[in-house]
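Dropping a structure here in structure tokens format, bear with me for questions.
The values are calculated or read from the model by the stated rules, or taken from the named source; none is laboratory data. Values in this document were obtained by computation on a predicted structure and should not be read as measured data. So basically every Cβ, Gly included, is an ideal-geometry build from the backbone, and we count neighbours across all protein chains shown. Ligands, DNA and RNA are stripped out before the accessible areas are found, and what is left, the full protein with its side chains, is counted by its heavy atoms. Shrake-Rupley method; radii C 1.70, N 1.55, O 1.52, S 1.80 Å.
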Amino acid sequence: MRRESLFAPSLSVICLCLGACSEEFPTRISPSARPEIVDTLRQDLATQRHPSDGGGRAWLQPDPAGRDRVSVGQFGRWTFVYEAGPLGIAEDGLLFLQVSPFWGWSTPQVLDPQQPGFTEVSTDSSDLTLEALTIDQQLLGIRIGARALVAGERIKIVYGAGDVGARADRYAESESRFWFAVDGDGDGIRQIVADSPTTPVRAGPPSMLWLTLPSTASLGQRVRLTVAVLDHTGNAAVEFTGSVNIQSAGSAGGGGRGLQHPEFADFEAVNAGHRSLEVEILKAGTHRIEAIGPDGLIGMSNPMLVSDDAPRILWADLHGHSAYSDGTGTPQNYFDYARDIAALDVVALTDHDHWGIRPLSQHPEIWDDIQTQTRSYHSPGEFVTLLGYEWTNWIHGHRHVLYFDDSGEVLSSIDPAYESPELLWNALRGRDALTIAHHSAGGPIATNWSIPPDPELEPVTEVVSVHGSSEASDSPGLIYHSIEGNFVRDAL
């Protein structure tokens, strides 16, 4: 299935024509290269795990008072039970609780019950000792003492046990995971426990109306208006029912200023806070639509230019992550938001090959799920989903790999066969694929421009992302840890 017809026009604004640039950029690695990260990742792959590492199972016990059912940013309490597997955990072995380190969860701590994240650890085995300690951001370690933890014995962990509780993620998720890991023999090497428990984090109360129209349209066309009710940080799936008044901007509703549309959008619980309405275009010009809801909710759409010779403008997001790496939510959450809230035309989910709790290249089941979801959401001519991942190279800079058909491979950035841009491009040559360098002027790692982008496989580059602008040193919203001379304009 070829998808260039819808996708290609959105690339023209960031085309590159880079020739050999060794004199201006003589360094053959990124100016902010982190070779120690590569060494650590490769060492981890080569390390042999003890059979007891990663053993056992863990689950979440429902809280009778409902303190585990929270909305974004709220404080709650979560009670876990870990049960040792057949090989148990040796004396001086460790059990770990890793709370998601990315989006605001409290770090588990055992020192101050009056502070967020206070965690209690206990066992019914009277001759067993447990020593709990915060090891790193959102990471708690529990050392087994006096004797080994044997098969079937349990450890209870109450996260948020103090009066304050523990703060939840600031983004809504259907499955926010608490990662358990076991160093079964105490040699300092741990393995993730299979099927670590998850909890939902609900969206907050309605706070804003978000309206999206196409940027351009022609006279007589029928287009989609997306109306979404979001919480204060932009989360979808808010609990909202009621009617929203839809008006052409400056008119009294219905059809003024050249647009014909429903006067009201009615929301029921099944709508999960978003509706899609049909708008008929009656007049040329530039149009907006505003909406007014209950409790002070108000929103205004983007402008839509109506002209028979207006250029076709598509909107794409080619840089995004799910909780499979360092993002949030499931692939389904990601694609639902892109289609139903952001009203994008093109989207790619680009989770990291080696950054997150479970690397894609080592877990084919994750990559299979991403491929399956990418295919299932693809609707030719309406909503294009591209298969992709992030080649997370800490020597030459990060790149996305985008596949324009229904399948592809994760060519790992720490695999010696694909460890440089040239090796990656050689492996992709002949495929219907593109790569895109990003956050190229600064953090988390700058692009090594001494290797010119391949004219066939990398004709475009990313100018701005959540990390900031890499366009030029005088551009607004500058990328953090920026490196003078390494901006896209410098490279061009």
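Surrounded by fewer than 21 Cβ atoms within 10 Å (Cβ to Cβ), part of a helix (DSSP H, G or I) and among the hydrophobic types (A, V, I, L, M, F, W, C): which single residue out of L411, L423 fits that description?
After ruling out the rest, the residue left standing is L423.
One line per residue, one yes/no per condition, for (1) farther than 15 Å from S301 by Cα; (2) in contact with an Asp or Glu (Cβ under 9 Å, 6 or more places away or on another chain); (3) at pLDDT 95 or above; (4) open to solvent by 20 Å² or more (accessible area, probe 1.4 Å):
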{"site": "L213", "(1), (2), (3), (4)": "no, no, yes, no"}
{"site": "L230", "(1), (2), (3), (4)": "no, no, yes, no"}
{"site": "R257", "(1), (2), (3), (4)": "no, no, no, yes"}
{"site": "K283", "(1), (2), (3), (4)": "yes, no, no, yes"}
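Restricting the search to the stretch 162-182, which residues are touching a helix residue (DSSP H, G or I) at 6+ places or on another chain (Cβ under 9 Å) and assigned to a strand (DSSP E or B)?
Correct list: E173, S174, E175.
Inside the stretch 41-70, can you point out the residues that are in a strand (DSSP E or B) and either open to solvent by 20 Å² or more (accessible area, probe 1.4 Å) or at pLDDT below 95 (or both)?
R57, W59, L60, Q61, listed by residue number.
Cβ-Cβ under 6 Å, sequence separation 6+ or interchain: first residue in the stretch 396-407 and open to solvent by less than 10 Å² (accessible area, probe 1.4 Å), partner aromatic (F, W, Y). Which pairs?
R399/W391; V401/Y389; V401/W391
Search the stretch 339-380 for residues being without any contact (Cβ under 8 Å) to a residue 40 or more places away in the chain and among the small types (G, A, S), and hand back the single one that is nearest to F178 (Cα to Cα).
Filtering the stretch 339-380 for residues that are without any contact (Cβ under 8 Å) to a residue 40 or more places away in the chain and among the small types (G, A, S), the one nearest to F178 (Cα to Cα) comes out as G356.
If a residue has to be assigned to a helix (DSSP H, G or I) and out of contact with any helix residue (DSSP H, G or I) (no Cβ under 8 Å at 6 or more places or on another chain) to count, how many in the stretch 306-338 make the cut?
Residues that pass the stated criteria total 5.
Assuming S106 fulfils every condition listed in (1) farther than 29 Å from H50 by Cβ; (2) surrounded by fewer than 19 Cβ atoms within 10 Å (Cβ to Cβ); (3) of a type in the set (S, T, Y) apart from one, which condition is it?
Here S106 clears every test but (2).
Does the stretch 238-255 contain at least one residue that is under 30 Å from H467 (Cβ atoms), in contact (Cβ under 8 Å) with a residue 24 or more places away in the chain and not in a strand (DSSP E or B)?
yes
Condition test on P452, is it farther than 22 Å from H363 by Cβ, open to solvent by 20 Å² or more (accessible area, probe 1.4 Å) and in contact with a Leu (Cβ under 9 Å, 6 or more places away or on another chain)?
yes
Of the residues that sit in the stretch 171-181 and are open to solvent by less than 60 Å² (accessible area, probe 1.4 Å) and not small (G, A, S), which one is nearest to A146 (Cα to Cα)?
So, considering only residues that are open to solvent by less than 60 Å² (accessible area, probe 1.4 Å) and not small (G, A, S), the one nearest to A146 (Cα to Cα) is F180.
While we're on this one: In the stretch 465-491, what residues are modelled with pLDDT of 95 or more and either of a type in the set (A, V, I, L, M) or in contact with a Leu (Cβ under 7 Å, 6 or more places away or on another chain) (or both)?
G468, S469, A472, L478, I479, I483, V488
Please verify whether A323 is hydrophobic (A, V, I, L, M, F, W, C), in contact with a Lys or Arg (Cβ under 8 Å, 6 or more places away or on another chain) and at pLDDT below 95, treating the condition exactly as stated.
So A323 fits the description; yes.
Just to be sure I understand, how many residues within the stretch 182-205 are open to solvent by 50 Å² or more (accessible area, probe 1.4 Å) and either hydrophobic (A, V, I, L, M, F, W, C) or free of Cβ contacts under 8 Å to residues at least 24 places away in the same chain (or both)?
3
Could you please find all residues in the stretch 109-161 being among the hydroxyl-bearing types (S, T, Y) and either buried (at least 17 other Cβ atoms within 10 Å of the Cβ) or part of a loop (DSSP other than H, G, I, E, B) (or both)?
T119, T123, S125, S126, Y159, listed by residue number.
Within the bounds of the stretch 277-296, is there any residue that is touching a Ser or Thr at 6+ places or on another chain (Cβ under 6 Å) and assigned to a loop (DSSP other than H, G, I, E, B)?
yes
Starting from residues that are in contact with a Gly (Cβ under 6 Å, 6 or more places away or on another chain) and closer than 12 Å to I445 by Cα, keep the ones in the stretch 468-482 and report whichever is surrounded by the most Cβ atoms within 10 Å (Cβ to Cβ).
If we take residues in the stretch 468-482 being in contact with a Gly (Cβ under 6 Å, 6 or more places away or on another chain) and closer than 12 Å to I445 by Cα, then I479 is surrounded by the most Cβ atoms within 10 Å (Cβ to Cβ).
Listed here are the residues, each with its yes/no results for (1) among the basic types (K, R); (2) out of contact with any Phe, Trp or Tyr (no Cβ under 7 Å at 6 or more places or on another chain); (3) over 15 Å from T199 (Cβ atoms).
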{"position": "D53", "(1), (2), (3)": "no, yes, yes"}
{"position": "L60", "(1), (2), (3)": "no, no, no"}
{"position": "D68", "(1), (2), (3)": "no, no, no"}
{"position": "F75", "(1), (2), (3)": "no, yes, no"}
{"position": "W78", "(1), (2), (3)": "no, no, no"}
{"position": "P86", "(1), (2), (3)": "no, yes, yes"}
{"position": "A90", "(1), (2), (3)": "no, yes, yes"}
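Out of everything in the stretch 183-192 that is in a loop (DSSP other than H, G, I, E, B) and in contact with a Gly (Cβ under 8 Å, 6 or more places away or on another chain), what residue ends up being nearest to F102 (Cα to Cα)?
Selected residue: R190.
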